[in-house]
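Take a look at the structure set out below.
Please treat every number below as a calculation from the coordinates, not as lab data. No experiment lies behind these values; they were computed from the predicted model shown. So basically every Cβ, Gly included, is an ideal-geometry build from the backbone, and we count neighbours across all protein chains shown.
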């Protein structure tokens, strides 16, 4: 009997651990879903980035737009899994109102560049040589941060998601 209970406990834990993979949000209010996030309201940080062409860019310059920052790496299978949905979302965005920042964290920047080019990633891909600000400290990737047009963090999402859903498309309009 103890073996059956233990097996059920392990099965439940395994299923719970897989719960957030590629599931869409069901509510239209990111603020509602993020009330427990201790970092909610954290401002969009200044972070010096460069794009694939090595052109400089300051993340804080995006204040005034809704911004999705996604930390990813070319070797990360869940990152690669969600990339097409991020690109699909990016294609629906009005660039004057919203954008995506795919922040590659590969140790070898060239691997991120090669992956983005080989897979025809349309969303803007960036890199940094700076230490990431505390708001972007994560225990794993992919991790996504959503900032409102006031530059305030309103959601932090750990794990892969399907970002091509109507909820995300409506929010980023």
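Selection of segment 157-171 for residues being over 15 Å from residue 144 (Cα atoms) and out of contact with any helix residue (DSSP H, G or I) (no Cβ under 7 Å at 6 or more places or on another chain) yields 165, 166, 167, 170. I'd like to know if segment 67-82 contains one or more residues that are under 23 Å from residue 44 (Cα atoms) and free of Cβ contacts under 8 Å to residues at least 40 places away in the same chain. No. State whether the residues of segment 156-171 include one that is over 20 Å from residue 49 (Cβ atoms) and assigned to a strand (DSSP E or B). Among the residues of segment 156-171, at least one is over 20 Å from residue 49 (Cβ atoms) and assigned to a strand (DSSP E or B), which makes the answer yes.
Within segment 125-152, the set of residues being under 22 Å from residue 50 (Cα atoms) and assigned to a strand (DSSP E or B) comprises 125, 126, 127, 143, 144, 145, 146, 147.
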